[in-house]
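A.B. asks: Okay, handing you the structure first.
The values are calculated or read from the model by the stated rules, or taken from the named source; none is laboratory data. As the structure is a prediction and not an experimental result, all values here were calculated from the model. Note: ideal-geometry Cβ built from the backbone for every residue, glycine included; neighbour counts use all protein chains shown. Remember, those area values only see protein heavy atoms, side chains included, never the ligands or the DNA or RNA. Shrake-Rupley method; radii C 1.70, N 1.55, O 1.52, S 1.80 Å.
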Amino acid sequence: MKLPKDFYTRPDVVQIAQELLGKYLYTAVDGMLTGGMIVETEAYSGENDRACHAHMNRRTARTEIMYHEGGVAYVYLVYGIYNLFNIITNVEGKADAVLIRAIEPEVGTEEMLLRRNMPTIKSNLTAGPGVMSIALGINRKHYGENLTGNTIWLEDKGIRIPEAEMMTVPRVGIDYAGDDALLPWRFYIKGNKWVSKK
DNA sequence: TAAATGATGTCCT
DNA sequence: GGACATCATTTAA
């Protein structure tokens, strides 16, 4: 079942980030279906989070979409090289987002290997926000894409991650955010080989 | 095996 | 000019 729009418009971005574990992310780019189960996420909140690009109503052409109503994609270029895929949540005017950091490949693995220029499947095929976007064919053309449409979407297959397998730790790569770097807003499935390794 | 490094668009000071 | 929600490759130990 495709996740409905009202899944994304709820106010608690941290809770949504947790619930996204075990959901499935699919893309249909260039006529190729690729996707798999989400195994790692991070929450970013416009309010009270210095790690968020839109902290304190910082509004630029790049972050504009974060103020949109939940249920659209925020694709952003880091280090001039990698496209990171985020899901916008909450209502219009609230700049909350969930970064999808890793998935477990399910369909379209041949196409993912081609895009990654890899000969065989290894655990780093989709482990990490930069390489995952490459494997799924996500780029800045998908900035603002509606996640209830037919290009990028999420599905609920009824999988529930047991409490004991859901790990909660501080986010990575945001040391510049001061005390906010310590917020336990990174979530992943314990023991899953497709989680990006530290 | 660990640490340094290069690539480089967008935003900030 | 410097920093950044990264990753692959090279260099050092």
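A.B. asks: Among the residues of the stretch A:80-95, which ones are more than 9 Å from DNA strand C (Cβ to nearest atom) and open to solvent by less than 10 Å² (accessible area, probe 1.4 Å)?
C.D. replies: Going residue by residue through the stretch A:80-95, those that are more than 9 Å from DNA strand C (Cβ to nearest atom) are A:83, A:87-94.
Result: A:ILE87, A:ILE88, A:THR89.
A.B. asks: Just one of (1) open to solvent by 10 Å² or more (accessible area, probe 1.4 Å); (2) more than 15 Å from A:VAL13 (Cα to Cα) trips up A:THR63, so point out which.
C.D. replies: Unmet for A:THR63, out of (1) open to solvent by 10 Å² or more (accessible area, probe 1.4 Å); (2) more than 15 Å from A:VAL13 (Cα to Cα): (1).
A.B. asks: Then there is this: Being among the basic types (Lys, Arg) and touching a helix residue (DSSP H, G or I) at 6+ places or on another chain (Cβ under 7 Å) narrows it down to one residue among A:ARG50, A:ARG62, A:ARG58; which is it?
C.D. replies: Working: A:ARG62 fails: touching a helix residue (DSSP H, G or I) at 6+ places or on another chain (Cβ under 7 Å); A:ARG58 fails: touching a helix residue (DSSP H, G or I) at 6+ places or on another chain (Cβ under 7 Å).
On inspection, the qualifying residue turns out to be A:ARG50.
A.B. asks: What pairs come out if I take residues in the stretch A:118-142 that are charged (D, E, K, R) and pair them with residues that are within 16 Å of DNA strand B (Cβ to nearest atom) and modelled with pLDDT of 95 or more whose C-beta lies under 9 Å away, six or more apart or interchain?
C.D. replies: A:ARG140/A:VAL75; A:ARG140/A:TYR76; A:ARG140/A:LEU77; A:ARG140/A:ASN83; A:LYS141/A:VAL75
A.B. asks: Pick out the one residue from A:THR34, A:THR9 that is within 23 Å of A:LYS193 (Cα to Cα) and either more than 10 Å from DNA strand C (Cβ to nearest atom) or surrounded by fewer than 19 Cβ atoms within 10 Å (Cβ to Cβ) (or both). Explain how you work it out, then say what you get.
C.D. replies: Numbers: A:THR9 fails: within 23 Å of A:LYS193 (Cα to Cα).
Matching residue, one of A:THR34, A:THR9: A:THR34.
A.B. asks: Please work out if A:ARG50 is surrounded by fewer than 20 Cβ atoms within 10 Å (Cβ to Cβ), within 17 Å of A:ARG171 (Cα to Cα) and in contact (Cβ under 8 Å) with a residue 60 or more places away in the chain.
C.D. replies: Taking the combined requirement at face value, the residue satisfies it.
A.B. asks: Determine whether A:LEU77 is in contact with a helix residue (DSSP H, G or I) (Cβ under 6 Å, 6 or more places away or on another chain), within 14 Å of DNA strand B (Cβ to nearest atom) and open to solvent by 20 Å² or more (accessible area, probe 1.4 Å).
C.D. replies: No.
A.B. asks: Something else: When you go through A:GLY128, A:GLY137 one by one, which is the residue that is away from DNA strand B (no atom under 14 Å from the Cβ), crowded, with 18+ Cβ neighbours inside 10 Å, closer than 18 Å to A:TYR76 by Cβ and under 16 Å from the mean Cα position of the chain (by Cα)?
C.D. replies: After applying the criteria, what remains is A:GLY137.
A.B. asks: Can you work out which of the residues in the stretch A:144-170 that are outside any strand (DSSP E or B) and farther than 20 Å from A:GLY191 by Cβ is least open to solvent (accessible area, probe 1.4 Å)?
C.D. replies: My answer is A:LEU147.
A.B. asks: Determine whether the stretch A:6-21 contains at least one residue that is over 19 Å from A:GLU92 (Cα atoms), at pLDDT 95 or above and of a type in the set (Lys, Arg). It would help to see each step written out before you state the result.
C.D. replies: Of the stretch A:6-21, the ones over 19 Å from A:GLU92 (Cα atoms) are A:18-21.
Checking which are at pLDDT 95 or above leaves us with A:18-21.
Now restrict to residues that are of a type in the set (Lys, Arg): none.
No, the stretch A:6-21 contains no residue that is over 19 Å from A:GLU92 (Cα atoms), at pLDDT 95 or above and of a type in the set (Lys, Arg).
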